[in-house]
Structure formats: structure tokens, C-alpha cells
1. Peptide B:99-108: average number of partner chain Cβ atoms within 10 Å per residue?
2. Rank-order A:129-137, A:89-97, B:245-253 by packing density, defined as the average count of other C-beta atoms within 10 Å over each peptide's residues, highest first.
3. Keeping every protein chain in place, order A:His180, A:His259 by accessible area at 1.4 Å, biggest value first, i.e. largest first.
4. Hey, any idea what % of the protein assembly as shown's accessible area is carbon plus sulfur with a 1.4 Å probe?
5. Taking amide H positions as placed in the peptide plane 1.01 Å from N, state which residues far from A:Leu152 in sequence (5 or more) or on other chains have amide H under 5 Å from it.
6. What is the set of long-range amide H partners of A:Arg47 at a cut-off below 5 Å, with H atoms built 1.01 Å from backbone N?
7. Classify chain A: rounded, prolate or oblate, from the alpha-carbon gyration tensor (a ≥ b ≥ c, eigenvalue square roots; a/c under 1.5 rounded; otherwise prolate if a/b is larger than b/c)?
8. For the stretch B:48-157, what is the number of Lys pairs with C-alpha distance below 21 angstrom, counting only pairs 8 or more positions apart or on separate chains?
Protein chains: 2
Amino acid sequence: MSLLDNGSSEIINPDTYFQTNTPPRTLGENENRVKEFVNKHNEAGRRIVLITSGGTTVPLENSTVRFIDNFSAGTRGATSAEYFLEMGYAVIFMHRQFSLQPYSRHYSHSKNCFLDFMELKSDGSIGVNSKYAPKMKAVLEKYQEFKKNETLLFLDFVTVADYLFLLRSVTRIMSALKEHAMYYLAAAVSDFFIPAQKMPQHKIQSDGGLTLTMDQVPKFLKPMVTNWVPCGFIVSFKLETDPALLVDKSRHALTRYGHQIVIANLLAIRKREVILITRDSEFQIKLTEDEIAENIEIESRIIPELTKRHDEWIRNADHVDM
Amino acid sequence: MSLLDNGSSEIINPDTYFQTNTPPRTLGENENRVKEFVNKHNEAGRRIVLITSGGTTVPLENSTVRFIDNFSAGTRGATSAEYFLEMGYAVIFMHRQFSLQPYSRHYSHSKNCFLDFMELKSDGSIGVNSKYAPKMKAVLEKYQEFKKNETLLFLDFVTVADYLFLLRSVTRIMSALKEHAMYYLAAAVSDFFIPAQKMPQHKIQSDGGLTLTMDQVPKFLKPMVTNWVPCGFIVSFKLETDPALLVDKSRHALTRYGHQIVIANLLAIRKREVILITRDSEFQIKLTEDEIAENIEIESRIIPELTKRHDEWIRNADHVDM
């Protein structure tokens, strides 16, 4: 027999979550890296965007063999990072370990193994197959440029706990940037988790069926908007598979959390159509058949639109300040 | 509140599983590729090993956003494949999509992005950084050799259903090889699943907690040993986190399924110590501190040992035939 039910367990608040879960070991070190990055670009007058990308996991065991994962290769986040860099932003790329990354995404998770791009030359050296060399050169040039400028910072996470502790730390540091920071929350964050103290120490044995009862992960957009970065420009994503729910649920999120934009997308068509939803508007971005045929990426439309709205956000904040 | 309990739901038999679940769309096409590969190497008198590698997933929704995954980067399978090729085997590498692969494993899932190995040369061309070129050349030479010889066939899976249908098809085709085929089952296969017909169509909504009740995945080693490849040399893996259970559970598996070898390993030390367990022996393979310091891979010890035992298996079968 198999059942799948929403239970009615109590939802803990974010403070309780942080008090009862363990921060990742690398948190202090990552905080230092972020402080340095933020100071540097703040002094240079450069805007910074935090991009979260890829799915978080929920371990089912303390010595983890099994976990619940959220479907996300990290394509949206990795692709968007490149366009934000093009628009002059410094990018903090907070991503699931081994998910797609800007630039290298063109050569990973592909049908071809990376070695298929390489060849042994007649002089005994190793090089890039001439068929692939021009594109790879263009990608490498961009990658090296942003690496040299230090406008791209990588942070990684695996579990939902790693993600939440890191998100709180990074946003608190970035709050010094006020309106000049954008938060682009593209990661697929788990909704349910098993608290560490209630988890079995060892691998679950497989004799018979299995019943898992999980708690809801607290909604972190609320404290983020209210306390962590009250002046930031915050963009969240709503991914659904059922079109009937999409717009209503997105608007509900804006009302509930008080942030600026929800990018609504359906799993099946997310690479060619999204809707930017604010409290009083809906703006559809949709690739034409020609654009799809030319491999235009929808993020090349989304990011300039968001940048424009971020400009307005900063201008309006300046007026308030005067 | 959170609970984690083994239930007592009935275990369906493998036949029922195949009747009530949907085969992957690519099954027919993959069967043809395997037939061609098996015929070719059988005619050449070459032994074939089927390696399964990486973890299977269990979707929680029909339009999948969430799934349960098993921890496995595919390191054991990908590394072992290289040593089997070195020993003269043709390898069917049946792996989780995007998990590690032989040869390219040296450059993926690493701290370095693949682009960090490349450089722009002074003449404007793109090449491999001289620091990395010698090793990459050696890896590429091996990769191209096995590609040219067509001794390496890739098949991929994502869900546990993909895996099981593919395993049944491939092993049935390989059964023609009798004692000359080895089956090296390194994949981390899910123990629990939600049958498709009981799964919600759309993304589970996150209001409140969640209770999942799952059925046990039937144990496929039994029909594999008894019906699919009765003459094959079958090696399975037992991964545990609790040392107290390891040997007993491995021996129990041998008794229950009737195959030849269990490679027992503990999650924490699996890269430096394993035990090869047969019905009447235990053989420990353990790297020395010096070997660990020299980056010796434990698979370079495991595969020759298995090959020796496979020799014996074939010799004994020949005696029986006479």
C-alpha cells in the first residue's frame, strides 16, 4: 500500500530552525570570503547580485546514504549568472555542489564527454578539436576576464541546512549594500525535512515498506525581506507543473512575503516562457519560434528586464533618501 | 513531529513490478546497441563485464520535481571500468545520467572547473595549460584507444524503474555469453518506491508536513541469478555505515540470492578498504598508508583479484561441460 498525504504537523519558525540545526563547518570561512568580495565591489561602486542555484537535499539518515532531492540541474542560475556579469554586476554564485556553473555549463552535463572536445595533435601534443575551438575560445575568454576581475564568487551547498545558514549569513553581509544589491533566488529549496535529532544514525534497513513523516521547512523569504535585507531588490521563482495554480500562487507569495518580483514558470516550458509578476503587474517574456531555433536563451531577455527594474528601485530609494 | 519507521507493507514480486511499471522509452534502442556489442565481442572471444554505477532515483510526483536519491557519485563504477578495460574486458557501463564516467572522471566533479585546465596561447589559439597537459594526454590516449576499439558501451538511467528494466534486458542478452560474462553491480539502487499509479500528478503542495509511505523495491538479484543469467559470474556490493552489520549482511545476501561474491564496504573507508566475501571465504583488500599517499586506487587491486576468480569460474564451468 502506498499513501502520499500532507500532514498537519506544526511549522517551526526560522529562529527555532537555526537554534536546532547545525551550521555547515565552512560557514565562517565563507562569511569571510563574502565580506571581502562585498567590500571590494561596494568600494568600486559596482552592484552585486546574489544568485542561488540548483536543488537542496534533505538527508534521511545522519550518516547519509539516502536523501530527498529537488529536480534542478542549475541551468537557470548558471545561465543567468553570465548575463548578470555582462550587465556589469558582480555575482555571488551560491550553488549546489556539482550543479551547472556559468561558462563551464557549456561543456558539462552534455551528451559529449569533455574528452570528446580534445584531440592528440600530430606533434604529440594535446589540443582542442578545431571544430569546437572557436566557441570554446570565446567562452574561455569571458571566463578568464571575470576571473581576473574577481567579479564572480563561488559558494556551494548540499543540504537544505547548508543552504539556509549560508543564505542568512550572505544576505546579512550584503545588507550593507542596501538598494544596490539584488537577490535572485533560483535555487530549488526543499519544502520538507527531517530534524537531525529525529533522524536514525545509520542506514535505514530495507525489510518491508517505509513511512517517512517530515516537517515543513520554515519559509525564509519572510525574515529575509523583513530583517536580513529590508532594502534589497528580491526576485524569487515559482515553479509549478499545473498552469491553473501558477499566477495565483505567485501573487500569494508576493503578498505573504512582501518582496518585489516573482518569476513564474511551468516545468515543461520554463526555457521559453516566464512571467514576471509584481504586486500590480504581469509581464510575459516568451521566445519566438525563430529565437528558439537560433538557440537564444530566455535569460538574455530576463536579466536586462530585471536590471531595468533594479535601476528604478535604486532611483526610487534615492528619492526617499532626499 | 517526525517519525521514521519501517512499515510492514507486502513486497511485490519482480514479475508484478515489471507488469505494473512503465519501461523507459529508449529500452528497445538500447537493447539493439547491446546485442550488437555482445555479438561483436563474443565473436572476438573477448570477455564482457556489465558495470552498473551511480544511484537510482525514486520520483515522488509523476511530473517530477522531487525525488529520493541514493548517495553515489559513481566513483567506484567509473574507476573500476578503467581497470577492467586494462585487463582486456569489453565493458558495458550502465550508469546514472551525469554520474562519473571512466576517463572523464579525472576532470569532472573536481574542485577545478574544466576551463581551469585550458589556456589562451600567445598565437590566439586555445590549448591545455602545460601543467596539466601530460596527464590529460595520457588519459585521452586511453580514452581514444577504447573508443576506437569499441570496447566501451555507455547506457544511462535515472529512475529505479529505468534501471530495473534496463538491467533485465541487458542481462538477458548477455546470458548467451554464459560463464564468460561478469556482472559488477556497483550502482546504489533504491530500496523503496511509490508505484506510478499511486503518485500525485502534480507537484506536492507545501502546506504543513508530509507523510510518505513507500513500497519496497523487489530484490532483483534473485531472478537475475536464477533466471536471467544463471551461468554468469555475479559480484554485488554491500554498503553499510554500521561496521557491526557488514559481514553478516553480506553473507546473508549470498545465501539468499545464490551469487558468487559480495564486496562489502563501509561508507567512511570505502576508498581504502573492502572485503571480498564468498560463501566460504573472506578476503580483505586494504591499501597501506604508503599506497594511499601515492594515490593508488583500491580498484587497481580489486579488479585483478576478480579477474583471477573469474578465470577459475570459467575453468570450473569447462570441467563441468566436459
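The values are calculated or read from the model by the stated rules, or taken from the named source; none is laboratory data. As the structure is a prediction and not an experimental result, all values here were calculated from the model. Reconstructed Cβ throughout: ideal geometry from the backbone, glycine too, with neighbour counts over all protein chains shown. The protein model used for the area step is the full one, side chains on, heavy atoms only, and it has no ligands, DNA or RNA in it. Shrake-Rupley method; radii C 1.70, N 1.55, O 1.52, S 1.80 Å.
1. Numbers: counts 0, 0, 3, 1, 3, 6, 1, 2, 6, 7.
If you average over the peptide's residues, the count of other-chain Cβ atoms is 3.
2. Numbers: A:129-137: 13.4, A:89-97: 23.3, B:245-253: 16.7.
The most tightly packed comes first, giving A:89-97, B:245-253, A:129-137.
3. Numbers: A:His180 80, A:His259 0 Å².
So, going from the largest accessible area down, we get A:His180, A:His259.
4. On the way: 14020 of 28680 Å².
Summing carbon and sulfur atoms, their accessible area is 49 percent of the total for the protein assembly as shown.
5. Amide H to amide H, under 5 Å and 5 or more residues apart or across chains, A:Leu152 pairs with A:Val91.
6. Under 5 Å from the amide H of A:Arg47: A:Ala90.
7. On the way: a/c = 1.45, a/b = 1.14, b/c = 1.27.
Verdict is rounded for chain A.
8. 11
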